[in-house]
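Working notes, beginning with the structure itself.
Read-outs throughout are calculated quantities, based only on the coordinates presented, and are distinct from any laboratory measurement. Here the structure is a predicted model, which means the values were calculated and not measured. With ideal geometry, Cβ positions are generated from the backbone for all residues, glycine too; neighbour counts draw on all protein chains shown.
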Amino acid sequence: MSDPAPDLFSGTPDPPADHGDGGPAFSVSDPDTSLFVGDCREVLARLPEKGSVDLVFADPPFNWDVNYGDWDDSMPREDYESFTRQWLDGCIEALAPNGSLWVNIPDDTAAEIVVHLKSRGLTMVNWCIWHFRFGQCRNSGFITSKVHALYFCKDPKNRIWNPDSILEQSDRASIYGDARTMAKDSNKGMRVPMDVWYGKYWGRIQGNNKERRSNHQNQIPEVYLERVIESCSNEGSLVLDPFAGSGTTCTVARALGRRSICIEYSPDNAASAWERISEVGMVRKGQGIGQSSAIFASRGSRKS
């Protein structure tokens, strides 16, 4: 592999060795699932599937000086923003005309990503919030208890959208026992989830959580990916994750019958993620669907 252009890789370490033909380091069929090892910008540029990806989910490094193996997670701000634009552009090029792009990102970079995606012609569908109850304790400001889940698409009139597959119990049903919601023609007592996401199994993956993968940082819960993949792709669709991490995206995609591609910079993290993807599998399939996110106890039934 030829040396990368200096401006493309400014502020990051050299990528790990290529795998000869540029193909995936790991792959399995039924459904087709592949994991590439390398810098996602390089891999995205050479993907044969470029232009045919139905759904991209990206949970990039936050540049918070976290240990991700060989990756430099303490880049100068200008270099990090340049890196962010580069991988976003690679994901946009990978999308099919009806494709959607989700980005999981904290406060300090959310606005920059929104501006860039809008400048590239994508349409924002939702700016969702993933809320968790156990933020890191501090007294210098309010405790951070959220990450932004940015939902964009190429064409809002031609996108995959399956709201009935991700319904949750409405407050009218779970709190108030309101007969009107049970009188609907369909989806009685149910609603499309609100844009703030929380509830059972929605917390940060830590401690003795059975989803926990050792030596992986900032792991996202399976119910989060299940909601995104169910709603924005179909069975057989192609899902892409440029930052595989612990392998959550491909693990959930396989469990839901989607084809998937993921990319991981660290060879060690990639091997661990692949073990989860190919051997362990999804452990909470369907457990986040149909829940109630009510914050009050039931108040009894109402007839009207």
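Some observations on this one:
- Residue order, fewest to most beta carbons within 10 Å, for 170, 145: 145, 170
- Listed by chain and number, the aspartates and glutamates whose C-alpha is less than 20 Å from the C-alpha of residue 184, apart from same-chain residues fewer than 8 away, are 164, 168, 171.
- For segment 138-216, the set of chymotrypsin sites (Phe, Trp or Tyr not before Pro) satisfying both a DSSP loop assignment and a count of at most 11 other C-beta atoms within 10 Å is given as 142.
- Between 0 and 90°, nearest 10: helix 222-232 axis offset from the chain longest Cα axis: 90
- The distance separating the Cα centre of segment 49-123 from that of segment 237-292 comes to 18 Å.
- At 0.692 mPa s and 37 °C, Stokes diffusion of segment 174-230 via Kirkwood alpha-carbon radius, µm² per second: 232
- Using only alpha carbons, segment 170-304 has a radius of gyration to Kirkwood radius ratio (Rg to Rh) of 1.07.
- Lysines with Cα under 22 Å of residue 118, excluding same-chain neighbours fewer than 8 positions away: 50, 154, 157
- Nearest-ten-degree value, helix 107-119 long axis tilted from longest Cα axis of the chain: 80
- Short-range pairs are left out: with C-alpha atoms under 8 Å and at least six residues apart, the relative contact order of the chain is 23 percent.
- Mean projected area (nm²) of the alpha-carbon convex hull when segment 87-232 is viewed from all directions: 11.7
- Of all DSSP bridge pairs formed entirely within the chain, close to 50 percent run antiparallel.
- Of all lysines in the structure, the ones whose alpha carbon falls short of 22 Å from that of residue 200, not counting any fewer than 8 places away in one chain, are 146, 188, 210, 285.
- Selection of chymotrypsin sites (Phe, Trp or Tyr not before Pro), segment 203-304, meeting DSSP coil and at most 13 other Cβ within 10 Å: 296
- The percentage of C-alpha pairs in the chain whose separation is greater than 24 Å is 53%.
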